[in-house]
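The values are calculated or read from the model by the stated rules, or taken from the named source; none is laboratory data. This one's a predicted model, so the numbers in the text were calculated from it and none came from an experiment. Cβ atoms come from the backbone with ideal geometry, glycine included; neighbour counts cover every protein chain shown.
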Amino acid sequence: MFLSASFGVRAITVPTTPPSNVANIDKSLVAVSIEFFAFPQYTTLVSTSTCLNNIANLRGAPVAVRIGGTTQDRATYDPNLSTAVEYTVADPADAPLSLTFGPSFFSLAADMPGDVIIGLNRELNDQENTRAAAVQAKNTMPNLFAIELGNEPDLYSSSSPIAGSRTWNQNVDEASEQSWFNALSNSVGNIFQGAVYLSWDTSPLVSALGSAIGHVKSISRHSYPQSACGGASTDLRSLMSHSGIVSYTSQYKSGATAAHNSGLRYFLGETNSATCGGGGISPTFGAALWIIDYVLQGALNGVERLYFHQGTIGNCQYCWWGRFTTGAPFYGVAFVSEFLGADGARLAMLDDGKSLVASYVVYNSANTPVRLLVYNSNYYDGTGTRSGTSVTFSGGGIPSSGTKTAKRLTAPNATSRVDMGARVTIGGGGTFDGSCNAVGTQVRENVAVNGGSLTVTVNASEALIVYL
Ligand SMILES: *[C@@H]1O[C@H](CO)[C@@H](O)[C@H](O)[C@H]1NC(C)=O
Ligand SMILES: *[C@@H]1O[C@H](CO)[C@@H](O)[C@H](O)[C@H]1NC(C)=O
Ligand SMILES: *[C@@H]1O[C@H](CO)[C@@H](O)[C@H](O)[C@H]1NC(C)=O
């Protein structure tokens, strides 16, 4: 057996029933956000339905989708437009500065199998146009979960039409959201997603809404752990770090608690690894590993759904699919979806969150532990020796002897990119083809059980599921 000199063996007792720090798992914990102007084009890509179906099959429930982003605040509804969306760009890699969309936009959204959140315009301050779009969405989409009014208003400025002559700030936004919810609920009911903030705390909005809170279903904040904007540098080692992810995601807890205390759902309505192009780290295998830990820590901090953003097709490093083969990040999506499974109801972390090696257990609705996950976030970039960490599990209904099975997610190293030809694998031979179909054969490893415990070894920059 390969034992690491540097990290040693860890011993973990799996609670036989869910411990007090357990989190409920939403059926669509891993969700997808699609940039507003690009949504109709996404529906023409075969990968969109195959990737979403892969997740749905693993979780036993359709994937929730949010359609929105920067371009929702550049969009004007045209009830007479025969196409779903209309815009011109100088380069296909660009996002449009203005666009119109028609009723068939919502027919395409109605075809999505899961809950859909639609992001409409507030920044341009044309409330009657947004009302017409909201009414059309409501009348067309049986799967409409919520409507956003504006995207990341923390980035609006005094030159945004909604600001009028005011200096734009969080207090002004709170009053603006309140008045728009009151005005539009007369036409579409209590169906709004509030906040949609990138950097502002969402809790003050929940307090400030007063009786308008009755029009709101969910609170959304956006989150990107790293930025490549303005030439800022990104770092894969820190993106992947388990203790770093535990620390970063702890900021969601107070916002989630405030939303839940007011009876609202709490989502990361838009998230991904690094803003402004992804900084080269976003398409890597390390980002796939980040997704696993980030999703699980999100849930533990009260986030019910994480909507991973998919941007301009063909110009989007953090996208899971698009005009290239199925990217490395999707392998992390599939792996964490398999861990959560169709029967996963509750999740607990089994380590102290202070090291680079994470251990989790998922329980089914009968409170029986069904799977373990070990994530070794030690950074291996292909240089030097790849270390390994052994983790010994006992308790959790592990019998005194026999054999359990495990499935491994691995790649040559953390910087490996499927879109550059690297082989990322699930279960030794499982991969995804260019249309996001699962191909190859996934094999489970046997894990011996001795004296009521089992030991697995997980290499640096790898993850492993143990089936109990
Ligand atoms: C849509 O078409 C109708 C009938 O042709 C017209 O009366 C109406 O003004 C048009 N609406 C818009 C927003 O262009
Ligand atoms: C872990 O890494 C070591 C050293 O590179 C390698 O020999 C071993 O095959 C790896 N283990 C697995 C399960 O991939
Ligand atoms: C990391 O893996 C990729 C293949 O995915 C390989 O091209 C690269 O050379 C490796 N890095 C190092 C430093 O070996």
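Annotations
- Qualifying residue in the stretch 62-80 (condition: aromatic (Phe, Trp, Tyr), modelled with pLDDT of 95 or more, within 16 Å of ligand 1 (Cβ to nearest atom) and more than 19 Å from Gly322 (Cα to Cα)): yes
- Options Ser107, Ser158, Ser82, Ser47; residue that is closer than 16 Å to Gln310 by Cα and of a type in the set (Ser, Thr, Tyr): Ser47
- When Asp201 is tested against the conditions (1) within 13 Å of Ala274 (Cβ to Cβ); (2) assigned to a loop (DSSP other than H, G, I, E, B), the lone failure is (1).
- Subset of the stretch 256-314 [small (Gly, Ala, Ser), within 16 Å of the chain's Cα centre (by Cα) and over 12 Å from Arg221 (Cβ atoms)]: Ser273, Ala274, Gly278, Ser282, Gly286, Ala287, Ala288, Ala299, Gly311
- Elements of the type helices (runs of 4 or more DSSP H) sitting completely within the stretch 30-115 and holding at least 2 residues that are without any contact (Cβ under 8 Å) to a residue 60 or more places away in the chain: these cover 46-59, 103-110.
- With respect to the conditions (1) in a helix (DSSP H, G or I); (2) within 30 Å of Ala175 (Cβ to Cβ); (3) touching a residue at least 24 places away in the same chain (Cβ under 8 Å); (4) not aliphatic (A, V, I, L, M), Glu270 falls short on a single one, namely (1).
- For the stretch 437-468, the set of residues classified as assigned to a loop (DSSP other than H, G, I, E, B) and either touching a strand residue (DSSP E or B) at 6+ places or on another chain (Cβ under 6 Å) or polar (S, T, N, Q) (or both) consists of Asn437, Gly440, Thr441, Val443, Arg444, Gly452, Ala460, Ser461, Leu468, listed by residue number.
- The stretch 135-178 - residue that is of a type in the set (D, E, K, R) and closer than 20 Å to Trp200 by Cα and, of those, surrounded by the fewest Cβ atoms within 10 Å (Cβ to Cβ): Arg166
- Listed conditions (1) within 16 Å of ligand 3 (Cβ to nearest atom); (2) buried (at least 21 other Cβ atoms within 10 Å of the Cβ) are all met by Thr431, apart from (2).
- Tallying residues that are loosely packed, with under 14 Cβ neighbours inside 10 Å and of a type outside the set (S, T, N, Q) within the stretch 402-428 yields 4.
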